[in-house]
Amino acid sequence: MNHSPLLPAEPGKSQRGLLAGPAGALEYRLDTPAGSPHGVALLCHPHPLFQGTMDNKVVYALSRAALSQNLVALRFQFRGVGQSEGAHDHGIGEAQDTAFLLAELRSQYPDLPAVLMGFSFGAYMALKVAAQTPDLAGLVTIAPPLVYAGKAAVPEPLCPWLLVHGDADDVVPMPQTQERAGQMSNQPHWVTMPGAGHFFHGQLGELRQHVEAWLEGRGLV
């Protein structure tokens, strides 16, 4: 795979590549909608130490949701995953990777609104970056482990945000997320999916519908 700049793909096309990032090359996949894009979305995958990759089924569902709403979708591997160089950095370097790729994506589409999306560990990375980025159009978090904040306050996103959680999640228990989110001043638009576990087995279509409906409500279609 060639190491090349992040360049806009042709409408309806996909491209994979390696981009020089903060800790070395970052592997990515850029998907573009068939029509004129109305925005861009950066997607963050689940925990690298537990087989999390950009090809995770939930992340793929988020990518399809973004494309269906005419958003350019950029997935990537955190440092140390796949062909991305570097080593796992316990959320510090991964947030840097996220912020870097968001800036790269926006530099290629400077006139389009940007959305951050993430699942599990990736949702928390997206949240951290959204708390430092004042001009995002939105944030989508799927089963975010807000307990990662520890005793500190959870980072507050500076934009409207969606939080989708399964009430049967045995990895990131929903009551913990509810407790931490309830303490935040910027409350999410909360969607509970009955019977859904952490990986939304058999319910990815419903998950995608919730994300698409929220994006449509944000006026990004």
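The values are calculated or read from the model by the stated rules, or taken from the named source; none is laboratory data. Note that this is a predicted model, so its numbers are computed, not measured. Cβ coordinates were reconstructed from backbone atoms using ideal geometry, including for glycine residues, and neighbour counts include every protein chain displayed. Surface accessibility is based on the protein's heavy atoms, side chains included, excluding ligands, DNA and RNA. Shrake-Rupley method; radii C 1.70, N 1.55, O 1.52, S 1.80 Å.
Each listed q (0.15, 0.19 Å⁻¹) maps to a log10 I(q)/I(0) for the stretch 29-94, found by the Debye formula over equal Cα scatterers with no solvent: -0.48, -0.70.
Mean sequence separation of contacting Cα pairs (under 8 Å, at least six apart), scaled by the length of the stretch 1-117, corresponds to a relative contact order of 30 percent. Cα extents for the chain along the principal axes, largest to smallest and rounded to whole angstrom: 44, 37, 34.
The value of relative contact order for the stretch 109-193, using C-alpha pairs under 8 Å at least six residues apart, is 27 percent. Accessible-area rank, largest first, for Lys128, Lys13, Lys151: Lys151, Lys13, Lys128, with all protein chains present and a 1.4 angstrom probe. Here the contact order of the chain, divided by its residue count and restricted to Cα pairs under 8 Å and six or more residues apart, works out to 17 percent. Annotation: lysines with alpha-carbon distance below 30 angstrom to Lys151 (same-chain offsets under eight excluded): Lys128.
Expressed as a whole percent, the accessible surface of the chain that belongs to carbon and sulfur atoms is 51, based on a 1.4 Å probe.
Helical content of the chain, expressed as a calculated mean residue ellipticity at 222 nm, amounts to -8500 deg cm²/dmol (DSSP H runs of 4 or more residues, -39,500 (n - 2.57) each, divided by residue number, nearest 500). Mean projected area of the Cα convex hull of the stretch 13-141, taken over all directions, amounts to 6.7 nm². Ignoring solvent entirely, what values of log10 I(q)/I(0) come out of the Debye formula for the stretch 90-221 at 0.19 Å⁻¹ when each Cα is a single scatterer? After summing over all Cα pairs, the log10 values are -1.11. Across Tyr60, Tyr28, the residue with the most accessible area heads the list, and the full order at a 1.4 Å probe is Tyr60, Tyr28. This model, with +1 at the C-beta of Lys and Arg and -1 at the C-beta of Asp and Glu, gives the chain a dipole about its Cα centre of some 120 debye.
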